[in-house]
Amino acid sequence: MMKRPRRLRNNELIRKMVRETRVDKASLIYPMFIRDGAGIREELPSMPGQFRCSVDRMCYELQKVSDAGVSAVMFFGVPDDKDEAASQAYAEGGVVQRALKEAKKRFPELYYITDVCLCEYTSHGHCGMLCGHEVDNDETVRILAKTALSHAQAGADMVAPSDMMDGRVAAIREILDKNAYINVPIMSYAVKYASGFYEPFRDAAKSAPSFGDRKSYQMDYHNSREGIREVLLDEEEGADIIMVKPALSYLDMITKVKEITSLPVAAYSVSGEYAMIKAAAQKGWINEAKIVCETAVAAFRAGAQSYLTYYAKELAGYIDEGRIG
Ligand code: PBG
């Protein structure tokens, strides 16, 4: 036999030498839930091992992130007061704004990304301003831009709109530039599907819509060309990084997006992906570390350059141990 692929799988050294996908801790982004109040660190029932912390307790989590060698976090705010206008989203004393100021002071070595959306701040849980039972796109975009600016003013290194309204990237770019935040990049959740995998997140952020669903703004999971259209629009509007979300069920999209844009591509392994792995592992049905490594490498192999995951600290450890890399 002339051709024996097994020759290159013969031992760990040769396997690693010819490895096609390499992973690096610098690609990881850890999502965190920050809530109002003080002295609070509560474990999330549908995401065991993940916590919702008040700003004072957040530092304990950031210390662990920093110790693990993860260099970037993404903040989600969970305010006590939610209203129709989402006023806590852009309040100077809002939870994310306070968290940024404190975190930048205590852990200046980390990179801070903020999720820009309104569902955590509205009393009805939709990602925008309502007009009757409809989400008003253009009014929402105005509030999102205001929110992104307030994050930049509080010290955000990057903003990440996840609302899926039309034209929001352009509006955010414009307001940031007008206010001299020309160097704050926008990571657009461009290819974001209306997904059942967000359910644990909605418990964590207390952001489930009180009526209807998000299908009039998030994408239909039967479609892939629609995702390409979203990417091209966001690129035109000035996005710096394109995100595909969720990750595991949308690896095809990561690959396609990578082919049509020269922007970096990020993949978000969302709350439901975390919860599924965690639950099966707790039952002893799978080996958690193996599945976490395999699913992460799959996203990178598909084409992701950055990876948002609730397993970021553990993954960093697996990389250090040489399980993957
Ligand atoms: C806000 C937002 C959501 C997620 C990220 N930003 C929830 C949603 O769209 O309902 C989901 C993240 C996760 O499930 O881990 N719009």
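The values are calculated or read from the model by the stated rules, or taken from the named source; none is laboratory data. These figures come from a predicted structure and were not determined experimentally. All Cβ positions, glycine included, derive from the backbone under ideal geometry; neighbour counts span all protein chains shown.
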* Asked: In this structure, is residue 269 surrounded by fewer than 22 Cβ atoms within 10 Å (Cβ to Cβ) and of a type in the set (Gly, Ala, Ser)?
  -> no
* To do: Spot the failing condition for residue 199; the list is (1) within 13 Å of the ligand (Cβ to nearest atom); (2) part of a helix (DSSP H, G or I); (3) in contact with a strand residue (DSSP E or B) (Cβ under 9 Å, 6 or more places away or on another chain), and only one is missed.
  => (3)
* Restricted to segment 176-196, and to residues that are in a helix (DSSP H, G or I) and under 20 Å from residue 233 (Cα atoms), which residue is nearest to the ligand (Cβ to nearest atom)? -> 176
* Asked: Is it true that some residue in segment 154-169 is more than 16 Å from the ligand (Cβ to nearest atom), modelled with pLDDT of 95 or more and over 24 Å from residue 264 (Cβ atoms)?
  -> yes
* To do: Within segment 116-131, identify whether any single residue is near the ligand (Cβ under 10 Å from one of its atoms) and β-branched (Val, Ile, Thr), and answer yes or no.
  => yes
* Residues satisfying the stated conditions in segment 202-216, i.e. modelled with pLDDT of 90 or more and near the ligand (Cβ under 9 Å from one of its atoms) -> 202, 207, 208, 209, 214
* Extreme residue, farthest from the ligand (Cβ to nearest atom), among residues of segment 272-287 that are crowded, with 19+ Cβ neighbours inside 10 Å and touching a residue at least 60 places away in the same chain (Cβ under 8 Å) -> 278
* Is it the case that some residue within segment 38-47 is out of contact with any helix residue (DSSP H, G or I) (no Cβ under 8 Å at 6 or more places or on another chain), surrounded by fewer than 22 Cβ atoms within 10 Å (Cβ to Cβ), farther than 27 Å from residue 280 by Cβ and not polar (S, T, N, Q)? -> no
* To do: Could you tell me whether any residue of segment 309-324 is more than 19 Å from residue 65 (Cα to Cα), touching an Asp or Glu at 6+ places or on another chain (Cβ under 6 Å) and not aliphatic (A, V, I, L, M)?
  => no
